[in-house]
Amino acid sequence: MRERLPVWFQARCGVEPRTVGAVAIVLVVAVGFAGQQYWSARPQPVTAPAVIAPAPAPVPVSALAPVAASPGGPAPPGGARIVVDVGGKVREPGVRRLSAGSRVEDALAAAGGVRPGTDTTGLNRARVLVDGEQVLVGVPAQPQPPALALPGGGGGPTAGPLSLGSATVEQLDGLPGVGPVLARHIVDFRTARGGFRSVEELRQVNGIGERRFADLRRLVRP
């Protein structure tokens, strides 16, 4: 190393081998430090964080189920229905199936409306209908069946039709054409079905034919 230096530099500075070695070490360390700084300062690739989309809010089941419109307003839960008989001076008399909670006005609309010129003064169009009833328009009201003196009721007459949903075997036995065996069949049918939803279901009881049903339909109610 010393021999490669210029002669004038050797003569002027009096460079010795140890000095040259020290200078070389300093230069090497400086170069290494500069290289390390350069390597550390170089641009580094940056990975952007992944974007996590928020989870969608759950949709209630009730919002997915379609709502069926009924003549008297929104349909009740469970889609309950009633059966009524619309007769008299309407355009299309007959049996109609309506949503539970419907009114007389809804039954008239389902039967095509009242015929022109019909007197509906005594007809309450806002009355809520019950299952199994008859709506008569423009005709005299039919007389109610006579009161029945049924066993087990204290010997007194009953007011109006007998309830199929609460009558006892003794009370049903007092109906015309119904004996103790048929009365027991009616109670067993009621227990198995959880009650009577309409008088028409009385036809399904073992032992009740069309003729007997015609005799009983105006004497009972659901």
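The values are calculated or read from the model by the stated rules, or taken from the named source; none is laboratory data. Just so it is clear, the model here is predicted, and its values are computed rather than measured. Glycine also receives a Cβ, built like all others from the backbone with ideal geometry; neighbour counts cover every protein chain displayed. Note: areas computed on protein heavy atoms with side chains; ligands, DNA, RNA excluded. Shrake-Rupley method; radii C 1.70, N 1.55, O 1.52, S 1.80 Å.
So which residues in the range 186-199 are part of a helix (DSSP H, G or I) and open to solvent by 70 Å² or more (accessible area, probe 1.4 Å), if there are any at all? Listed by number, the residues that qualify are D188, T191, A192, R193.
So which residues in the range 189-222 are within 14 Å of G165 (Cβ to Cβ) and free of Cβ contacts under 8 Å to residues at least 40 places away in the same chain? Of everything in the range 189-222, those that are within 14 Å of G165 (Cβ to Cβ) and free of Cβ contacts under 8 Å to residues at least 40 places away in the same chain turn out to be F189, R190, T191, A192, R193, G194, G195, F196, E201, L202, V205.
Contact annotation: residue pairs with Cβ atoms under 6 Å, 6 or more positions apart or on different chains, pairing a residue in the range 82-108 that is surrounded by 21 or more Cβ atoms within 10 Å (Cβ to Cβ) and among the β-branched types (V, I, T) with a partner that is modelled with pLDDT of 90 or more and in a helix (DSSP H, G or I), are V84/A107; V86/A107. For the range 170-181, taking the residues that are in a helix (DSSP H, G or I) and crowded, with 18+ Cβ neighbours inside 10 Å, the one that is modelled with the lowest pLDDT is identified as D173. Whether a residue is modelled with pLDDT of 85 or more and either of a type in the set (V, I, T) or outside any helix (DSSP H, G or I) (or both) was assessed, and G132 passes this test. Exactly one residue among A111, A126 is more than 22 Å from S163 (Cβ to Cβ), among the aliphatic types (A, V, I, L, M), open to solvent by less than 40 Å² (accessible area, probe 1.4 Å) and at pLDDT 90 or above, and that residue is A111.
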